[in-house]
1. If I take R0 = 30 Å and measure r between the Cβ atoms of E264 and A51 in this structure, what FRET efficiency does the formula 1/(1 + (r/R0)^6) give, to the nearest 0.05?
2. In segment 221-241, which residues have a backbone nitrogen under 18 Å from the label point lying 7 Å from K67's Cα in the Cα-to-Cβ direction?
3. Ordered by packing density, taken as the mean number of other Cβ atoms within 10 Å over each peptide's residues, highest first, how do 113-122, 228-237 rank?
4. Quick check: from the Cα gyration tensor, does segment 158-268 come out rounded (a/c under 1.5), prolate or oblate?
5. For R158, what residues show an amide H to amide H distance below 5 Å, using hydrogens built from the backbone and excluding near sequence neighbours?
6. How about segment 143-223: which chymotrypsin sites (Phe, Trp or Tyr not before Pro) there are in a DSSP loop, with at most 14 other Cβ atoms within 10 Å of their Cβ?
7. Taking the Cβ of D103 as the centre, find all other residues whose Cβ is under 10 Å away and add up their charges (Lys, Arg: +1; Asp, Glu: -1).
Amino acid sequence: MKPGPIFVLLLAVLIINAGVTLILINRVGPAQTTQPVTKNDIAARHNSITAAVQAVEPAVVSVNVIKTEVIRGGNPFGFSFFDFFDIPLKRQVQSIGTGLIYDPAGYIITNAHVVSGATQIKVVLPDKREFDATVVGADDTRDIAKLRINGSRLPHARLGSSKDLIIGEWAVALGNPYGFLMNDSKPSVSVGVISAVNRSFAPREDKRSYRNMIQTDAAINPGNSGGPLVNINGEVIGVNTFIFSENGGNIGIGFAIPIETVKEILASI
């Protein structure tokens, strides 16, 4: 019995489908697998900002400070006759800030308020080396202190100039915000621009005076104080010092002491 025309047609369709499938498999080949990241891929992600960070990061240090605070015990009776019982008490308080090694001899820049009243200062490098530090000098009014550590093979950053800053140029802030929580010796990096220059403020209750400050929107948070503000060439152009904030967190209005002012202070203390 001869096969009917419908059977022949179905057989022909099956044969054609099989041939097309084989052709497609040979052209497409096996399923593509994820390729490993190559050195060329990593190199393509490098830019001026990453280069600036790499130039400065090894010299950015955590400044761990122990301070002794005096607090009043309070009069338990509420009458002046018993003021004798209002005995001052001392307690140890730990705080953290940031510093920058700017000289291979171990000299470090930080804010004076970071180390004010310190009874012990320990500096931790990004490579996890720890050193006891001493205060060489401080200008409390302009809020800059010079520390020193004794060590070998110390990295250091290059101090640039703050004389010719351009509004809108890139600015990179490095520091150790919330260092106690992170328990990491490597600094954090935030990027923004120079928002303004020559910002001056009235003297404060603590008698500190901030003049001709650099304003930036690069994120600066508690613990960043004393860290460097860096330009796109990896040169330090300022020392991060304080922020404007209603709640204590960063809102993009930070201020740094110009490096020209810092150099002047370092030369005098």
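Every number here is computed from the coordinates shown, using simple stated rules; none is lab data. If you're wondering where the values come from, they're calculated on a predicted model, not measured in any experiment. For neighbour counting, all protein chains shown are included, and Cβ atoms are generated from backbone atoms with ideal geometry for every residue, glycine included.
1. Numbers: r = 29 Å, r/R0 = 0.95.
For E264 and A51, the calculated efficiency is 0.55.
2. 221-227, 240-241
3. Working: 113-122: 18.0, 228-237: 23.2.
Answer by packing, highest mean first, reads 228-237, 113-122.
4. On the way: a/c = 1.37, a/b = 1.14, b/c = 1.20.
Here segment 158-268 falls in the rounded category.
5. V236
6. Details: sites: W170, Y178, F180, F201, Y210; in loops: Y178, F201, Y210.
Qualifying residues, ordered by number: Y178, F201.
7. Working: positive: K146, R148; negative: none.
Taking every Cβ under 10 Å from that of D103, the sum is +2.
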